[in-house]
Number of protein chains: 2
Amino acid sequence: MSPRRPEVKERSVSGRTGRRPGQSTTRDEIVAAARESFAKRGYDGTSLRAVAASAGALVRRFFCSKEGLLVAALTVTLSPGERLAEVMSHDLDSLGEQIIGHVLSVWEKPASRDVLIGMIRSACTNARAARLLRDFFAGQVLARLASALDDDEALLRASLVGSQIVGLAFYRYVLKVEPLASASAETLRAIFGPILQRSLTGPIDLPKRKKSR
Amino acid sequence: MSPRRPEVKERSVSGRTGRRPGQSTTRDEIVAAARESFAKRGYDGTSLRAVAASAGALVRRFFCSKEGLLVAALTVTLSPGERLAEVMSHDLDSLGEQIIGHVLSVWEKPASRDVLIGMIRSACTNARAARLLRDFFAGQVLARLASALDDDEALLRASLVGSQIVGLAFYRYVLKVEPLASASAETLRAIFGPILQRSLTGPIDLPKRKKSR
């Protein structure tokens with residue numbers, strides 16, 4: 001799909017006719033509108049057309065597809081490149097604590113949390129969204145985390161930690177199981193820090209015949 | 001809603017007109033049909049009417065509501081009463097290993113696995129299903145597990161373990177993140193056994209001001 005102007009009707013719906021001063025601002029607005037839509041309506045309920053209308057911007061100029069928009073929304077929400085580099089700049093011995101601290105700092109912002117819950121819901125109901133999320137986590141998050149571990153089973157350890165984070169999100173925000181649902185951030189840090197650390201650097205004794213897969 | 005006969009039309013669709021010999025067999029058939037429907041179509045896509053038609057039985061005589069059916073399907077799938085008693089009859093020191101072994105024995109049966117994935121999907125999209133699942137896990141599973149732990153933070157530990165199990169299911173079956181997605185049961189037992197054990201009986205150092213909630 002080649003970049004093109006949106007239809008006149010969409011521009012008039014948005015109430016805006018002029019061009020935005022800079023492309024990056026426009027792009028940011030689109031991603032903000034997309035984040036909101038994915039969080040509120042999920043992957044199936046989000047359309048490029050609706051995002052274009054609410055952002056009042058040239059969506060197709062920047063994003064060819066809904067998939068592209070979802071990845072952009074995730075990237076803005078999690079900034080894995082910068083944030084993970086910062087998390088992993090600390091001692092390997094404190095990585096568990098750093099990771100749960102980082103995760104909670106993202107979840108404590110309602111806007112980011114809503115995007116992530118929207119992503120979890122989307123993955124539950126749409127196989128394409130599940131695949132996108134998997135590729136995003138595997139490529140942008142777990143591979144980076146694994147690279148910090150000097151270990152034969154680095155990727156297995158990274159995905160173990162990933163599963164624990166998703167499980168916490170699911171219990172706390174989707175199922176709302178107590179006492180995890182209303183535990184304070186300090187309590188969660190105190191519980192998950194050592195468990196994640198054990199998962200990343202603790203002993204691991206895999207069965208001999210087939211290692212890890 | 002009082003117990004009543006199904007409409008003639010539903011009976012003729014099912015091709016069965018006579019009574020079942022025993023109530024318990026009929027009930028089992030209904031629950032089996034309900035499990036299949038929840039697994040395939042989720043909570044929103046399941047209707048009492050369709051389950052009645054496919055089970056060819058007196059659904060309303062046993063279950064007043066879809067909620068009742070869902071809880072019955074979960075109970076049959078997980079048998080928390082008997083299975084957890086067996087799991088917890090072992091030493092506290094091997095509880096982590098017992099739990100992951102039990103969880104995998106359920107997931108290795110495609111029929112049970114499909115029901116559980118159906119439940120996770122339902123909870124993602126329907127707040128009522130999420131509440132039912134939460135009440136089921138909290139009341140039938142976590143409370144029993146917590147009662148086995150002689151610990152002030154027993155319920156927090158039990159829900160921590162629950163979140164890790166759900167996270168593994170989500171990573172393995174919904175997102176399909178490697179290497180967890182295709183890891184063997186032996187590998188999963190080797191990884192999760194010690195982590196769950198650490199979560200159940202390892203040291204825990206909560207912040208002083210507010211304990212656990």
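Tabulated values for the structure
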read-out: The range A:76-143: relative contact order in percent, alpha carbon pairs under 8 Å with at least 6 residues between; value: 29
read-out: From phi via Karplus (6.51, -1.76, 1.60), per-residue ³J(HN,Hα) for the range A:112-125 in Hz, x at Gly/Pro; value: 5, 4, 4, 4, 5, 5, x, 5, 4, 4, 4, 5, 5, 10
read-out: Backbone HN-Hα couplings from phi across the range A:82-98 [Karplus 6.51/-1.76/1.60, Hz, Gly and Pro as x]; value: 6, 5, 5, 4, 5, 4, 8, 7, 8, 4, 4, 5, 10, 5, x, 5, 4
read-out: Taking N as its residue count, the alpha carbon Rg of the range A:39-176 over 2.2 N^0.38 Å; value: 1.11
read-out: Axis-proximal residue, chain A, for the rotation superposing A on B (Cβ, Å); value: A:GLY167, 1
read-out: Shielding score for B:200-206, defined as the mean number of other chain Cβ atoms within 10 Å; value: 3
read-out: Partner chain coverage, peptide B:121-129 - average Cβ within 10 angstrom; value: 4
read-out: Exam field: A:ALA111 pseudo-label spacings to other copies (7 Å along Cα-Cβ), nanometres; value: 5.0
read-out: Mean-position separation - Cα centroids, the range B:97-176 and the range A:165-185, in angstrom; value: 13
read-out: Peptide A:150-160 - average C-beta neighbours from other chains (10 Å radius); value: 4
read-out: Distance (nanometres) between label positions extended 7 Å along Cα→Cβ at B:LYS109 and B:SER79; value: 0.7
read-out: Karplus 3J(HN,Hα) series, Hz, for the range A:178-190 with 6.51 cos²θ - 1.76 cosθ + 1.60 (x for Gly, Pro); value: 7, x, 5, 4, 10, 5, 6, 4, 5, 4, 5, 4, 5
read-out: Column: log10 I(q)/I(0), Debye, Cα scatterers of the range B:157-213, q = 0.14, 0.15, 0.19 Å⁻¹; value: -0.48, -0.54, -0.75
read-out: Over 20 Å (Cα to Cα) - which of A:LYS176/B:LYS40; B:LYS109/B:LYS176; B:LYS40/B:LYS176 fall in this group; value: A:LYS176/B:LYS40
read-out: The range B:141-213: relative contact order in percent, alpha carbon pairs under 8 Å with at least 6 residues between; value: 31
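Bear in mind that the values in this text are calculations on the coordinates, not laboratory data. All values reported here derive from a predicted model rather than from experimental measurement. Heads up, the Cβs are rebuilt from the backbone with ideal geometry, glycines too, and the neighbour counts pull from every protein chain shown.
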